[in-house]
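The values are calculated or read from the model by the stated rules, or taken from the named source; none is laboratory data. This is a predicted model, so every value here is computed, not measured. We place every Cβ from the backbone using ideal geometry, glycine too, and count neighbours over all the protein chains shown. The protein model used for the area step is the full one, side chains on, heavy atoms only, and it has no ligands, DNA or RNA in it. Shrake-Rupley method; radii C 1.70, N 1.55, O 1.52, S 1.80 Å.
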Amino acid sequence: MNQRATRSTAAGAGGNGRLRVGVIGLGYWGPNLARNLAGSERTDLVAMADNRPDRLEAMGRLYPACALYPGGQELLGDPDVDAVMIATPVRSHYELALAALRAGKHVLLEKPFVETRPEAERLIATAQEAGLVLMVDHVFLFSPAVQAMMQLHRDGILGDLLFIDSVRINLGVFQQDTSVLWDLAPHDLSIIDEMVGHPPRGLVAVGAAPAGTKQHSVAHLHLDYGDGLLASLHVNWLSPVKIRHFMVGGTRNSLLYNDLDQSEPIKVYDRGIDFSLDEEGRHGVLAAYRSGEVISPRVARTEPLQNLVNHFADCISGAAQPLSGGAQAVRILAILEAAAKSMGDHGRYTELEV
Ligand SMILES: NC(=O)c1ccc[n+]([C@@H]2O[C@H](COP(=O)([O-])OP(=O)(O)OC[C@H]3O[C@@H](n4cnc5c(N)ncnc54)[C@H](O)[C@@H]3O)[C@@H](O)[C@H]2O)c1
C-alpha cells in the first residue's frame, strides 16, 4: 500500500508546534494509542503502519489524513514523523525501535520492552547518543489512581511499607510469543518499582501451563526487597473472574487499589497491628489491633494513555524526564529474567543481577 497523498493539517513541530507521531502495529492496543494521539492537543497522529492490510484500511478510514504504510520499516522513512509508538508483538520491538532511533525518531515502545537486557541496553545507548527520548508504555504509572497512591506514599500516609500484594487475573488473550508473566506482570512491576524505589534482592517464581499451552498461563512471583518487605504477584489468564487488586500494607495505614472500581479505586484503611515489646521485654511482642476509618480519596478521571501521550510530548520538548524510561525497563527485564531462572529451577530463590 502506498502512503497517502495528503495531510489535512500543517502538522509538525515546525508548523503548529505539535509533535508528529506515527503508530506501528494496529492490532488490539495500537488503536488506543492512535486515538489518544489524535485526541491530544500536544500531538498529531500523522502516520500508521501494519502488516495486515485489513487493519491498516480500517484505521485509515478512521483517520483519513494519516499516511498509511504496509510495515513499520516503511513508516520510519517518513521525514514528517518526529516520533513513533510501537505496538507490535514483543519479538519485533528491538529491531523496530533500533531502526526508529537510527532514523532519528523518538520512541515509545509497548511493554514488555524487549526480550533481553543486552537489547535494552543497546537501545538506551543508541537513544542517548542520538539525543532522543526512549520510553516504555508502563501505562499504569500514568493512571490517576496509581498517581494518587504514589502521592499518599510520598506524603508518608502509609508509613513504612510492610508488604505489597497484587492480583491481576482474568480470562486472558493467549499470546504466541509471551507468557502471562511477561504480558501482565510489567504493569505491577512498574508500580512496585516506582513505589519501593530500589530493585529487589532476589525472588521466587513458579509458573504453569495447565491447559497445555506452550507458554505459562498462571504465575506467582514473590519479590524480596530486604528488611522483611515482600511483594507478591499473581497473574493468571485462566481465571473466570477478573480481579485487579493491588494492596499495600504500611505501618501507619494500608490501602487497596481496585482498578475495576470506577468510583472509588483507592481505599485507605486505618487498620493494622501495632507491635511493641512488653514493659521489661520479657514476654515478647505485644500486638495492639487498630480498626479505624476507611477513606477513599478523590481520583481524577483522565484516561491514563492521554496522560502518557502528553508526558511523552513533554519529555521530547525537554519539559520532563521520562517516568517510565529505559532504566526502569531494564530493572523490570532483570526481574523477568530472574523469574524465568527461578521457574526453570522449580521455584528456587534466585538473586537478582542488576
Ligand atoms: N500497555 C498496555 O496496557 C498494553 C495492552 C495490550 C497490549 N500491549 C502491548 O502492545 C503490543 C501489541 O499487543 P496487541 O495485543 O495489540 O497485539 P496484536 O497482535 O493484537 O497486534 C499487533 C499488530 O502488529 C502488527 N505488526 C506486527 N509486526 C509488524 C511490523 N513489523 N510492522 C507493522 N505492523 C506489525 C500485526 O499485524 C498486528 O496487527 C505488545 O507488546 C503488548 O504487550 C500493551
May I ask which residue of Ile191, Ser276, Val81 lies farthest towards the positive end of the charge dipole of the chain, with charges of +1 (Lys, Arg) and -1 (Asp, Glu) on Cβ and the Cα centre as origin?
Val81
Around Ile157: net Lys/Arg minus Asp/Glu count, Cβ-Cβ under 14 Å:
0
Structure shown: which of Lys111/Lys214; Lys242/Lys341; Lys105/Lys214 lie over 25 Å apart, alpha-carbon to alpha-carbon?
Lys242/Lys341; Lys105/Lys214
Return a whole-number percent for the relative contact order of region 209-346, with Cα pairs under 8 Å and 6 or more residues apart as the contact set.
11
Taking Cα atoms, the helix 304-317 axis meets the longest principal axis of the chain at an angle in degrees (rounded to 10) of 70
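Of all accessible surface on region 233-272 at a 1.4 Å probe, what whole percent is carbon and sulfur?
Looking at region 233-272 in its full context, I get 51 percent from C and S.
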Which of Thr116, Ile157, Ile316, positive extreme of dipole for the chain (C-beta unit charges)
Ile316
As I understand it, the value is the acute angle between the Cα axis of helix 53-62 and the longest principal axis of the Cα atoms of the chain; what does it come to in degrees, rounded to 10?
90
In the chain, taking the dipole from +1 charges on Lys and Arg beta carbons and -1 charges on Asp and Glu beta carbons about the Cα centre, the listed residue (Ala99, Thr178, Ile295) farthest towards the positive end is Ala99
With 10 Å bins from zero, work out the P(r) of the chain over every alpha carbon pair and list the percent per bin.
5, 23, 30, 25, 12, 4, 1, 0, 0
How big is the charge dipole of the chain about its Cα centre, in debye rounded to the nearest 20, if each Lys and Arg gets +1 on its Cβ and each Asp and Glu gets -1 on its Cβ?
860
Apportionment of accessible area to carbon and sulfur, region 1-154, percent (1.4 Å):
50
Just to confirm my numbers, what's the Cα centroid distance between region 196-260 and region 74-125 in Å?
28
Largest first and rounded to whole Å, the semi-axes √(5λ) derived from the alpha carbon gyration tensor of region 242-354 read 35, 27, 15
Can you work out the accessible area per residue across the chain, with the rest of the protein chains kept in place, probe 1.4 Å, in square angstrom?
47
With a Förster radius of 35 Å, plug the Cβ-Cβ distance of Gln306 and Ala211 into 1/(1 + (r/R0)^6) and report the FRET value to the nearest 0.05.
0.45
Size of region 39-161 as Cα extents on the principal axes (Å, biggest first):
52, 35, 25
What's the carbon and sulfur percent of region 280-320's accessible surface, probe 1.4 angstrom, rounded to a whole number?
51
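What do you reckon, how do Glu41, Glu115 stack up by accessible area (1.4 Å probe), largest on top?
So, going from the largest accessible area down, we get Glu41, Glu115.
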Quick check: with the 1.4 Å probe, what order do His216, His138, His198 take by accessible area, largest first?
His198, His216, His138
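For region 244-339, which trypsin sites (Lys or Arg not before Pro) are in a loop by DSSP, counting at most 10 other Cβ atoms within 10 Å?
Listed in order of number, the matching sites are Arg282, Arg298, Arg301.
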Given only helices, namely DSSP H runs of n ≥ 4 each adding -39500 (n - 2.57), what is the per-residue ellipticity at 222 nm of the chain, to the nearest 500 deg cm²/dmol?
-9500 deg cm²/dmol
Order of exposure, largest accessible area first, which applies to Glu279, Glu110, Glu74 with probe 1.4 Å:
Glu279, Glu74, Glu110
How large is the accessible surface of Lys242 in square angstrom, using a 1.4 angstrom probe and rounding to the nearest 10?
110
For Gln262 and Asp274 in the same chain, what is the full-extension length gain: residue separation times 0.36 nm, less their Cα-Cα distance, in nm?
1.1 nm
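Add +1 for every Lys or Arg and -1 for every Asp or Glu among the other residues with Cβ under 13 Å from the Cβ of Ala313, and state the total.
My count for the surroundings of Ala313 gives -1.
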Lys and Arg at +1, Asp and Glu at -1: neighbours of Arg290 with Cβ under 9 Å from its Cβ sum to -1
Can you list residues whose amide H is under 5 Å from Asp137's amide H, if they're 5+ apart or on another chain and H is modeled 1.01 Å from N?
Leu109, Glu110, Lys111
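Quick one: length gained pulling Ala319 to His346 fully straight, 0.36 nm per residue minus the C-alpha distance?
Additional length available on full extension: 5.1 nm.
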